[in-house]
Amino acid sequence: MNCPDIYTDYMHDYLDEEITPDNETKLREHLLICADCQSHFQELKKTIALVQSTSHIQAPVNFTSAVMARLPNEKKQVGLKR
Amino acid sequence: MEALVKKRILQVLKGDQDAYGEIVELYKDKVYQISYRMLGNRHEAEDIAQEAFIRAFINIHSFNIDLKFSTWLFRIATNLCIDRIRKKKPDYYLDAEVAGTDGLNMYSQIPSKTDMPEKEIESLELEETIQSEILKLPEKYRTVIVLKYIEELSLIEISKILNLPIGTVKTRIHRGREALRKQLRHV
């Protein structure tokens, strides 16, 4: 089925939470009658869920002390002189 | 949090280096995460994340205190990641032979998963799949997808971090989502 691109635009507006109520109604009505667009929309939502499911990772231990040790010496001395 | 950060920045500007340690503690996980998702390699991610904090420290006098510090810091980090991606040579690839190892490639350096419970292996494999699909995205789409869906930043913040009009950010997110959809549809 060759649907107008406007429905894909509506899907992205919806995902960005920027769709107007009118366009949301148009999108919902279209999805009811178009299996292709429905699966396109499901796949987009699944993609987002998958990306968001990647667990949050943490910086390695001693990250902060490693950064502090690499700061330029010049500035360190300013701190010591105070 | 921003108020506390600003207080610490003023201390750093007066020469108190320890105050900078607190700023690093507050943002280290986010900066490391951006770097890791952009580069896909823990060692490189650590290197770039450290570099981002060092550059921020060196240039802290040029930070406009009325702006959000994290926006400025994330801009430094994403720029460093993009530079690194552009400089990357094919010999970074996992199937490249490691010099002097007689046929061993980087895959052989990845720890074996045999001691792990089935479920953990599955979720780890899924995560590796998702990460590798993110890494296949061209860098301009990868950046916005990481900032939007892993760092959970708003379109406005992303546009400030990347110094791009919001319309451009939106277009890139749309294209990034479409590219990932095609890559991940059979997962």
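So the values come out like this:
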{"quantity": "Any hit, region B:50-63, residues being more than 14 Å from chain A (Cβ to nearest Cβ) and either farther than 18 Å from residue B:134 by Cβ or touching a residue at least 24 places away in the same chain (Cβ under 8 Å) (or both)", "calculated": "yes"}
{"quantity": "Residue among B:66, B:16 that alone is farther than 21 Å from residue A:61 by Cα, away from chain A (no Cβ under 12 Å) and either without any contact (Cβ under 8 Å) to a residue 40 or more places away in the chain or in contact with a strand residue (DSSP E or B) (Cβ under 6 Å, 6 or more places away or on another chain) (or both)", "calculated": "B:66"}
{"quantity": "Pairs, first part of a helix (DSSP H, G or I) in region B:70-94, second among the polar types (S, T, N, Q) and modelled with pLDDT of 95 or more, C-beta under 6 Å, six or more apart", "calculated": "B:78/B:143; B:81/B:35"}
{"quantity": "One residue from B:156, B:161 being more than 9 Å from every other protein chain (Cβ to nearest Cβ), assigned to a helix (DSSP H, G or I) and over 20 Å from residue B:81 (Cβ atoms)", "calculated": "B:156"}
{"quantity": "Pick from region A:1-26, criterion of a type in the set (Asp, Glu) and assigned to a helix (DSSP H, G or I), ranking: farthest from residue B:169 (Cα to Cα)", "calculated": "A:22"}
{"quantity": "Test: residue in region B:29-39 that is over 21 Å from residue B:147 (Cα atoms) and part of a helix (DSSP H, G or I)", "calculated": "no"}
{"quantity": "Lone qualifier among B:121, B:166 - being over 19 Å from residue A:48 (Cβ atoms), surrounded by fewer than 20 Cβ atoms within 10 Å (Cβ to Cβ) and touching a Leu at 6+ places or on another chain (Cβ under 9 Å)", "calculated": "B:166"}
{"quantity": "Meets criteria (assigned to a loop (DSSP other than H, G, I, E, B) and modelled with pLDDT of 75 or more) for residue B:186", "calculated": "yes"}
{"quantity": "Residue list for region A:29-45, filter: without any contact (Cβ under 8 Å) to a residue 24 or more places away in the chain and under 23 Å from the mean Cα position of the chain (by Cα)", "calculated": "A:38, A:39, A:42, A:43"}
{"quantity": "Residues being surrounded by fewer than 22 Cβ atoms within 10 Å (Cβ to Cβ) and touching a residue at least 60 places away in the same chain (Cβ under 8 Å) - total across region B:26-49", "calculated": "3"}
{"quantity": "Top-ranked residue in region B:64-80 [being at pLDDT below 95 and not charged (D, E, K, R); ranked as farthest from residue B:159 (Cα to Cα)]", "calculated": "B:65"}
{"quantity": "Condition broken by residue A:29, with the remaining ones in (1) exposed (fewer than 11 other Cβ atoms within 10 Å of the Cβ); (2) assigned to a helix (DSSP H, G or I); (3) modelled with pLDDT under 95 satisfied", "calculated": "(3)"}
{"quantity": "Residue ID - farthest from the other protein chains (Cβ to nearest Cβ), chosen from residues in region A:46-65 that are part of a helix (DSSP H, G or I) and within 17 Å of residue B:129 (Cα to Cα)", "calculated": "A:49"}
{"quantity": "When residues of region A:1-26 are limited to those that are over 25 Å from residue B:159 (Cβ atoms) and surrounded by 14 or more Cβ atoms within 10 Å (Cβ to Cβ), the one farthest from the other protein chains (Cβ to nearest Cβ)", "calculated": "A:26"}
{"quantity": "Qualifying positions in region B:90-148 - of a type in the set (Asp, Glu), at pLDDT below 80 and under 21 Å from residue B:35 (Cβ atoms)", "calculated": "B:91"}
{"quantity": "Residue list for region B:19-35, restricted to those being at the interface with chain A (Cβ under 8 Å from one of its Cβ atoms) and either in contact with a Cys (Cβ under 8 Å, 6 or more places away or on another chain) or within 16 Å of residue B:83 (Cβ to Cβ) (or both)", "calculated": "B:31"}
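The values are calculated or read from the model by the stated rules, or taken from the named source; none is laboratory data. Keep in mind that this is a model prediction, so the values were computed, not measured. Positions of Cβ are generated from backbone atoms using ideal geometry, with glycine treated the same way; all protein chains shown enter the neighbour counts.
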